[in-house]
Amino acid sequence: MSSQYLRALIALAVIGAVVTTPDPASAHPFGDPQTVVVSLDDQRPDVVRVKWRVGGPDDLTVLGMSLGLIPPDRARADGTVDYRYTDPGVVGASREFTGYLLDRITVNDGTTPCAGTVEPVLALALKGATADFTCGRPVTEATVAVRMLTDLHPAYRTMATGSNGERAVYDRDNDSHVWALTETAGGRDAFLQIAAVLGGILLLAAGTWLLRSSRRPSLRRPSLRRPSLRRRVAS
C-alpha cells in the first residue's frame, strides 16, 4: 500500500471522527470516497477500461442538479439535498452524464489521447459506470486523469485500484496518475504451471487406462453349437 493511499485513508478517518453524522440525504465529500478501477480490456489490448462508482447515492442528486437534470429546489437551506431513489436512474440515462464522465475522466497512452465511450448504465448508484478508452495500439502504460465531482466540491476524493494491485488517490490537487497495465509475469507463470499439472494428470490417467487394457485377459464366449453326431454304420 502506497504512503499516499495510506495518508488518504487516515485523513478520511480523522475527518469522519470530527464531523457530525450527516443527514442521509446530504452530499458526502467527507464521507465514503468514490472508487475507480483501471484495467486493460480482456480481449482488446488497445483498450483501457475505467470503472467509476460514486461514494454516496445522494452525490448523484447533487451532480444531477449541476447538470440541469434535477430541479435546483431539491437543495435544502442546511446544505443537504432531497434525495429520491429515482435520481440515479435519471442521471445515468442522460447524455449529460455521459459527456460529463468523458470530460472528467481521460486516458492518454503517452503520446495521444484515447477516445472514450461509455457502456450503457444499468444501476449507476450500485454498479457505477464503465468507460472504454481506445488508444489505437496495444497499451502497456497509460496516464489516467480522474476529476469526478471535484468541480462540485474540492474535498471529493477517489480511491483507485489497478489490475495488478497498484493503488492511487485522486483529488483536486492530484488528478493524474500513470498506470502500468502489462500482465504480470507471476500471473503467466502460475497459469503455465497449472496447465502443466493438469496436462500431466491427464497423461497419467490415459497411460494407466491403456496399461490396464493391455493386461486384461480376453474373454471368449463358449460355443453354443452342439457337436455333430454321426451314426455308425455296422460293417
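Please treat every number below as a calculation from the coordinates, not as lab data. Fair warning: this is a prediction, and the values are worked out from it, not measured in the lab. Cβ sites come from the backbone with ideal geometry, for glycine too, and all protein chains shown count toward neighbours.
Label-to-label distance, HIS153 versus LEU122, with points set 7 angstrom from Cα along the beta-carbon direction: 3.0 nm. Computed about its Cα centre, the charge dipole of region 3-183 is approximately 100 debye, with only Lys, Arg, Asp and Glu carrying charge at their Cβ. Here r is the Cβ-Cβ distance between THR111 and ARG167 and R0 is 22 Å; the resulting FRET efficiency, rounded to 0.05, is 0.30. Sorting ARG76, ARG167 from the fewest to the most surrounding beta carbons within 10 angstrom yields ARG76, ARG167.
Ordered by the number of other Cβ atoms lying within 10 Å of each residue's own Cβ, fewest first, LEU101, LEU124, LEU67 fall into the sequence LEU67, LEU101, LEU124. With neighbours defined as other Cβ atoms within 10 Å of a residue's Cβ, the residues PHE30, PHE97 order from fewest to most as PHE30, PHE97.
Taking 0.36 nm per residue of separation and subtracting the current Cα-Cα distance, fully stretching the chain between ARG76 and GLU96 would add 4.8 nm. Database remark: amide H of ILE105 closer than 5 angstrom to the amide H of ARG147 (H placed geometrically; neighbours at sequence offset of 5 or more, or on other chains; Pro and chain starts carry no H).
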